[in-house]
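Asker: Below is a structure I'd like to ask you about.
Bear in mind that the values in this text are calculations on the coordinates, not laboratory data. Note that this is a predicted model, so its numbers are computed, not measured. Note that we place each Cβ from the backbone using ideal geometry, even for glycine, and neighbour counts take in every protein chain shown.
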Amino acid sequence: MKKFNIRKVLDGLTAVSSPSPSPQLGAKENELIPETLQSEHFQICKTVRHGFPYQPSSMAFDPVQKILAIGTQSGALRLFGRPGVECYCQHESGAAVIQLQFLINEGALVSALADDSIHLWNLRQKRPAVLHSLKFNKERITFCHLPFQSKWLYIGSERGNIHIVNVESFTLSGYTIMWNKAIELSSKAHPGPVVHISDNPMDEGKLIIGFESGIVVLWDLKSKRADYRYTYDEAIHSVAWHHEGKQFICSHSDGTLTIWNIKSPAKPAQTITPHGKQPKDGKKPEPCKPILKVEYKTTRAGDPFMIFSGGLSYDTVGRRPCLTVMHGKSTAVLEMDYPIVDFLTLCETPYPNDFQEPYAVVVLLEKDLVVIDLAQNGYPIFENPYPMMIHESPVTCCEYLADCPVDLIPALYSVGSRQKRQGYSKKEWPISGGNWGLGTQSYPEIIITGHADGSVKFWDASAIMLQVLYKLKTAKVFEKARCKEEKPNTEIVDEDPFAIQLMSWCPESRMLCVAGVSAHVIIYRFSKQEITTEVLLEVRLQYELNDLESPEGGGDQTPAPPTPSTSPSPQTAAPQTHTSTSSNSSDGIRDNIPCLKVRSSPLKQSPGYQVELVVQLVWVSGEPPQQISSLAINSSYGLVVFGNSNGLAVVDYLQKTVLLNLGIMELYGSNDPYQRQLRSPRKSRQPSGGLIFMFLFLSTGLCDINEGSATSEDRCKSPTSGKTPLRFAETQMDNSFSRSRSSSVTSIDKEAREAVTSFYFCETYNRKTDGGLTPSLWVGTSLGTVLAISLNMPPAGEQRLLQPVIVSPCGTLVRLKGSILRMAFLDSTGSLLPSAFEPWYEPNAPANGEERDKVRKRRPVSVSPSTSQELNENQYAVVCSEKQAKVISLPSQTCVFKHNITETSFVLRADVVQMNAGICLACFCANGHIMTLSLPGLRPLLDVNYLPLTDMRIARTFCFTNLGQALYLTSPTEIQRITYSQEVCENLQEMLGELFTPVETPEAPNRGFFKGLFGGGAQSLDREELFGESGAGKAPRSLAQHIPGPGGIEGMKGAASGIVGDLARARIALDERGQKLSEVEERTAAMMASADTFSKHAHEMMLKCKDKKWYQF
């Protein structure tokens, strides 16, 4: 009897036409499978952003909280604490961040933007938010300065004026320093924009103002006039004080540094050109490049540090950007890999009027963050613990795996830890603020990134952190050209010939397969032992095709049968030794040669991923090979399959055998739906019958005999035969070239482009008449066709290495609109059926060891389907294309569910993912929509317009994984992780780290007895009296517009959620209550004392007046 589900009828979410019962044994297609996932299980939310801030523009550091802030040209803010504590914020306007200022140890940050707005950020919450904004209407902001422990922010403008803002209320003060008042008659021309503002470390009432033209003014805030004016004939870029407040230093556009005594404005006390050549005749040194920034830091025990960027001589063409550290008589020039954006010197004290004691310099480069240790000789750099080198080489593809095997991350870390560079500073990373989150998410996550230089990086992404585990360099397999002249003319890309295009990884067996842009495929096996490998055999797999008509030029051109070379020497297997019907090399046409040359010298392979096999496609008649469009590996079957627009190839990497090499039309057989006919052959052509031309490079390991392992001779022998460690499966092929179903050029081009776009290894029913499950390979094409290939596997164990795998195409199964993107299989209960896999084993185990016995006895592990599968009950195949999704019942091959995902756009990425409450199909569309569909019913559960615009980088790197996680490359240097799970969104607040932690501000420096007696210490200033409304009045309303943030401080406190937030708020409330109680107690005591005093005075008055008469008063 048909099972009836009233809930689905009431929801009206699924419209299913029940197919007629299938005659197949055990089929239960009519039964509705209960689905546990509902819409309320889904919610889109950004979790964390990793990587280097793209296009950085400014930087600030809180020396007490030890937090670093970086602003970017797109208005982004990245905040960094201890490793694992980082935060991303974004200004709504998207304008560039020109300057950042911390309210030191206050949990707040001021940002100044290129659109002349300033913003106050609250950092006392896990997701910082803007409290106040101020938008200037008539002035362009050029510089900001916030003195330590002050609430008054100085803002310099392009017109040369200085305005003052109260950071608590974000209102303008009526106190303004006008440029003409500041310079008076010292200059006839406008002094230019304000490039520097800072107060005297020893006298808060004295303000130094640097103008771009070269004028520096020492302004007295109380008297509202200039005390001194200092003029230099070169433009100023920055100014820095000596901590005693008696000297300051300026950096100039001609590469000079001028040191001035504040009471000697006539000329600088000293002029230095650090990198200028000193003429012998005493003339002025040659001008150098501008010194963009200088810092002047003092120490108690020795000479001060002068640190600056720029200033190199103009004749140093091609020299890298430098940071110069001058300390006493020594000058160190530290070369950087990228241009310097900004730098900051980290000091022991936040007080500007004390010895600074610098210990490190943070250098912000265009594409890197470097921290230099000033305390050690040679100035070594700290090892950066942040995942900032994602872009070390441009990312070309990504894969994301959540809930992977628990032993995988330790295994990758153990081999990756040996790759770390040496020579770093031995001290701890100085940016150490904040606290880690308390999230309960405990499953391991791994991100794999493929790069343009051929490298592959494995990252530990567990618990919203990111740490590099291991780096694999695939380019080591190939010969590298030493110069451009040696570059082979067979490369099909101008740059980055080793770039990774596709990756397929089996986490259980740790087998890895990568495909590159030069039409090459490399198969890797994971080992914990070092081996030396040499390429013992280079083999060409080439099937010659009979021409349909006599080739031009005459002569006997009868092709030879497939003749693989079995020479044991790579030199004798050179391409020119093989006959070919194509044009030979004497005509200058590249033919039968691969794009890259595999190295012939022995290759030392460190523990980690080691080369198992290299496959390359070759040039044909001057035509380059088509790039690989799809790739898959299965460790249980020992097979790798890859395809492109010509066809596909199946390779047995255990027997080093090519099993199948077919064109797409041969897969269709006589059931070609497009009825493509033969076209007239051309002299120069790219055959369509399969991949046709390939090189296979066989790698064989050599062991160290001293370790008691097998000899190299034994290791090099193949289980197939004694001398020939490679065997070919015969593949019958048509003598056909490109075909077309019509005479129109467009249709010819369209069908010539039918490419293989996806693969899936499975145990399923390939035909309607199948009575049991068989190992299979499903193939999806760009025209929406799904075809099946049956795999007849030999018995496991030794027989697997001796008997051939028999491969036979089964024809078309289903068709969809658009290119096929993803395929998966469900059992009869709707549970996901993963592909079979083989557990990992050590491939280089000693010959007599226990591990070697395990290798001999190993068996492929099929992740056994549920008990119902053993009874040969039906399965469901999930197929998703660019336009629609279908669920097919097997073995009847009837479509039970169908959903059109999009009509106006197309799906870029689709994945079948496991959630806590069930499985679903997750899709990302080109129009920016993220959707999830239930399985097997294909009910829409989520549809959010997440990204309004997309580009090829996002399209290339977006990927979903289990448990509601996803990621994409949001910029060339940053990975954005998101979640589409409601459960993760609810727990996110607890998982995030805290930037602000309660820390006591260090004590102010002791003034000393004599300085206190004679007034030589720091002079304080009542800024409230000077800048407040009572003293300075109100600023014009038209000057700037105040914009309240999304909420005040109270609103921000209420925004935090979760147990940690509640506890924190309760703790704060208790602290506040305790403070209020202590205040009440103090006030009560004061009132009691006042009452007692009053009582005494009243008693005295009474005694005084007791004996007086009335007329005596």
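Asker: Dipole magnitude of segment 381-531 about its Cα centre, charges +1 at Lys/Arg Cβ and -1 at Asp/Glu Cβ only, in debye to the nearest 20?
Answerer: Numbers: 16 positive and 18 negative charges, 119 e Å.
I would put it at about 580 debye.
Asker: Specify the inter-centroid distance of segment 487-517 and segment 341-379, based on alpha-carbon positions, in whole Å.
Answerer: Segment 487-517 and segment 341-379 have Cα centres spaced 41 Å from each other.
Asker: Using only Cα atoms, what is the ratio of the radius of gyration of segment 116-181 to 2.2 N^0.38 Å?
Answerer: Normalised Cα radius of gyration, segment 116-181: 1.18.
Asker: From the cross-link list Lys367/Lys883; Lys604/Lys656; Lys420/Lys604; Lys224/Lys267; Lys420/Lys480, which pairs have alpha carbons spaced over 29 Å apart? Numbers along the way, then the final one.
Answerer: Numbers: Lys367/Lys883 39 Å; Lys604/Lys656 21 Å; Lys420/Lys604 18 Å; Lys224/Lys267 24 Å; Lys420/Lys480 24 Å.
The answer is Lys367/Lys883.
Asker: Right, another one. Would you please give the residues with an amide H less than 5 Å from that of Thr785, counting only those at least 5 places away or on a separate chain, with H modeled from the backbone geometry?
Answerer: Answer set, sorted by chain and number: Leu816, Ile820.
Asker: Could you go through segment 450-458 in sequence order and give the Karplus-derived ³J(HN,Hα) for each residue, using 6.51 cos²θ - 1.76 cosθ + 1.60 with θ = phi - 60°, rounded to whole Hz, and x for Gly and Pro?
Answerer: x, 10, 5, 8, x, 8, 10, 10, 10
Asker: Amide H neighbours of Ser630 under 5 Å, counting only residues 5+ apart in sequence or on other chains, H built in-plane at 1.01 Å?
Answerer: Gly643
Asker: What is the local net charge at Leu777, summed over the other residues whose Cβ is closer than 14 Å to its Cβ (Lys, Arg +1; Asp, Glu -1)? Intermediate results must be reported in sequence, preceding the final value.
Answerer: Details: positive: none; negative: Asp652, Glu763.
So the environment of Leu777 carries a net charge of -2.
Asker: HN-Hα J couplings of segment 70-79 from phi, Karplus 6.51/-1.76/1.60, θ = phi - 60°, integer Hz, Gly and Pro as x?
Answerer: Once θ is set to phi - 60°, the couplings for segment 70-79 become 10, x, 10, 6, 9, x, 8, 10, 10, 10 Hz.
Asker: So, in segment 272-365, how many Lys pairs have Cα atoms under 21 Å apart, if the pair is 8 or more places apart or on different chains?
Answerer: 6
Asker: Also, quick follow-up: What ³J(HN,Hα) values, in whole Hz, does the Karplus curve 6.51 cos²θ - 1.76 cosθ + 1.60 give for segment 325-334 when θ = phi - 60°, with x put for Gly and Pro?
Answerer: 3J(HN,Hα) across segment 325-334, in whole Hz: 10, 9, 9, x, 8, 8, 10, 10, 9, 9.
Asker: If you don't mind, there's one more thing I want to ask. Roughly how far apart, in whole Å, are the Cα centres of segment 935-957 and segment 28-90?
Answerer: 18
Asker: If you don't mind, another one. Trypsin sites (Lys or Arg not before Pro) within segment 190-266: which are DSSP loop residues with at most 15 other Cβ atoms inside 10 Å?
Answerer: Values: sites: Lys206, Lys222, Lys224, Arg225, Arg229, Lys246, Lys263; in loops: Lys222, Lys224, Lys246, Lys263.
Passing both the DSSP loop test and the Cβ count: Lys222, Lys224, Lys246, Lys263.
Asker: I want the local charge near Ser1030. Using Cβ-Cβ distances under 12 Å, sum +1 for each Lys or Arg and -1 for each Asp or Glu among the other residues.
Answerer: Details: positive: Lys1034; negative: Asp1022, Glu1024, Glu1025, Glu1029.
The answer is -3.
Asker: According to the square roots a ≥ b ≥ c of the eigenvalues of the Cα gyration tensor, what is the shape class of segment 178-255, taking rounded for a/c under 1.5, prolate for a/b larger than b/c otherwise, and oblate for the remainder?
Answerer: Values: a/c = 2.16, a/b = 1.12, b/c = 1.92.
It is oblate, given that a/c is not under 1.5 and a/b is not larger than b/c.
Asker: State the answer as a single residue: which of Ser173, Gly255, Ser198 lies farthest towards the positive end of the charge dipole of segment 141-256, with beta carbon charges of +1 for Lys and Arg and -1 for Asp and Glu, about the Cα centre.
Answerer: Result: Ser173.
Asker: Starting from the exponent 0.38 and prefactor 2.2 Å, build the expected Rg for segment 871-1009 from its residue count and divide its actual Cα Rg by it. Write out the running numbers ahead of the final one.
Answerer: Numbers: Rg = 22.5 Å, N = 139, 2.2 N^0.38 = 14.3 Å.
Dividing the Cα radius of gyration by 2.2 N^0.38 Å gives 1.57.
Asker: Let me ask something additional. Calculate the all-directions average of the projected area of segment 931-1012's alpha-carbon convex hull, and give it in nm². Working shown, then result.
Answerer: Working: hull surface 43.0 nm².
If you wrap the Cα atoms of segment 931-1012 in a convex hull and average its projections, you get 10.8 nm².
Asker: Of Ser808, Leu773, Gly818, which is farthest towards the positive pole of segment 765-854's charge dipole, taken about the Cα centre with +1 and -1 on the beta-carbons of Lys, Arg and Asp, Glu respectively?
Answerer: Positive-most Cα among the choices belongs to Gly818.
Asker: What's the center-to-center distance, using Cα atoms, between segment 259-278 and segment 126-149 in Å?
Answerer: What the calculation gives is 34 Å, centre to centre.
Asker: Around Ser150, under 12 Å between beta carbons, what's the net of Lys plus Arg minus Asp minus Glu among the other residues? Present the calculation step by step, with values, prior to reporting the outcome.
Answerer: On the way: positive: Lys151, Arg1023; negative: Glu106, Glu168, Asp199, Glu204, Asp1022, Glu1024.
Once positives and negatives cancel, what remains is -4.
Asker: Around Ala360, which amide H atoms from residues at least 5 apart in sequence, or from another chain, sit under 5 Å from its own amide H, with H modelled in the peptide plane?
Answerer: Leu346, Leu374
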